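Note sheet for the following structure.
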Amino acid sequence: MFDGRKSGISREAGESEEVFVHHLQPKPRLILIGAGEDAEPLARFAARTGFSVVVADWRPARCNKGFFPDADRFLVGFPEELVNRLTWRGDEFVVIMTHQFERDRELLHLLRDKKLSYLGILGPRRRTSRLLAGRSLPEGIRSPVGLPIGAEGPEEIAVSILADLIRIRRQAPEPEVLLP
């Protein structure tokens with residue numbers, strides 16, 4: 001009996017013929033909001049590990065194939081425009097990394113009620129607390145973004161974020177954090 005999630009042979013009850021069914025699923029979509037230099041390795045690594053990458057920013061000079069050759073789509077606009085121009089499927093992974101406090105606050109407000117697989121905010125937890133005006137971090141929002149591996153520099157930070165995205169995508173349990 002075919003379970004509908006994987007490719008395989010299917011035979012309906014009482015039928016003598018077998019049918020091969022191939023289940024196709026779209027690539028998971030990673031939406032990077034912020035086209036700074038630190039977003040470049042994340043876009044590159046994510047595209048190479050099976051994500052469809054969307055780069056969104058208000059600066060057309062940064063939000064393009066010249067800086068993000070592996071991205072599938074570019075959106076240029078301010079937060080509300082960007083959020084309204086996307087068709088939300090519910091399985092998106094979103095990382096806010098604009099480095100602009102007020103824009104991050106607006107994005108967090110616009111995205112926090114969306115059904116997303118992942119919503120992460122670059123920066124320390126106390127900055128996110130300020131973005132939320134001291135309110136507690138809503139469930140499902142990750143701050144700081146990525147796995148706590150002591151990452152330094154854009155490439156290592158990209159690895160920590162991508163590792164967390166893959167963990168969520170594969171539905172692996174959250175790792176235990178061992179404190180010294």
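Peptides 19-25, 78-84, 41-47, ordered by how many other C-beta atoms sit within 10 Å of their residues on average, highest first, read 41-47, 78-84, 19-25.
Can you bin segment 49-122 into rounded, prolate or oblate? Criterion: square roots of the alpha carbon gyration tensor eigenvalues sorted a ≥ b ≥ c, rounded for a/c under 1.5, prolate for a/b above b/c, oblate for the rest.
oblate
Projected onto planes of every orientation and averaged, the convex hull of the alpha-carbon atoms in the chain covers 13.3 nm². Placing pseudo-labels 7 Å out from each Cα toward the beta carbon at Gln25 and Glu155 gives an inter-label distance of 3.1 nm. Among beta bridges identified by DSSP and lying wholly in the chain, the antiparallel ones come to about 15 percent. Per-residue 3J(HN,Hα) values for segment 22-31, derived from phi via the Karplus relation 6.51 cos²θ - 1.76 cosθ + 1.60 with θ = phi - 60°, read 10, 8, 10, 10, x, 4, x, 9, 9, 10 Hz in sequence order (x marks Gly and Pro).
Show Asp72, Asp164 ordered by accessible area, largest first, where the area counts protein heavy atoms only and the probe is 1.4 Å.
Numbers: Asp72 90, Asp164 5 Å².
Sorted descending by solvent-accessible area, the residues read Asp72, Asp164.
Just how much of Lys65 is accessible, in Å², when a 1.4 Å probe is used and the result is rounded to the nearest 10? Lys65 has an accessible surface of roughly 110 Å² with all protein chains in place.
The values are calculated or read from the model by the stated rules, or taken from the named source; none is laboratory data. Everything numeric in this text was worked out from a predicted model, so none of it was measured. We place every Cβ from the backbone using ideal geometry, glycine too, and count neighbours over all the protein chains shown. Note: areas computed on protein heavy atoms with side chains; ligands, DNA, RNA excluded. Shrake-Rupley method; radii C 1.70, N 1.55, O 1.52, S 1.80 Å.
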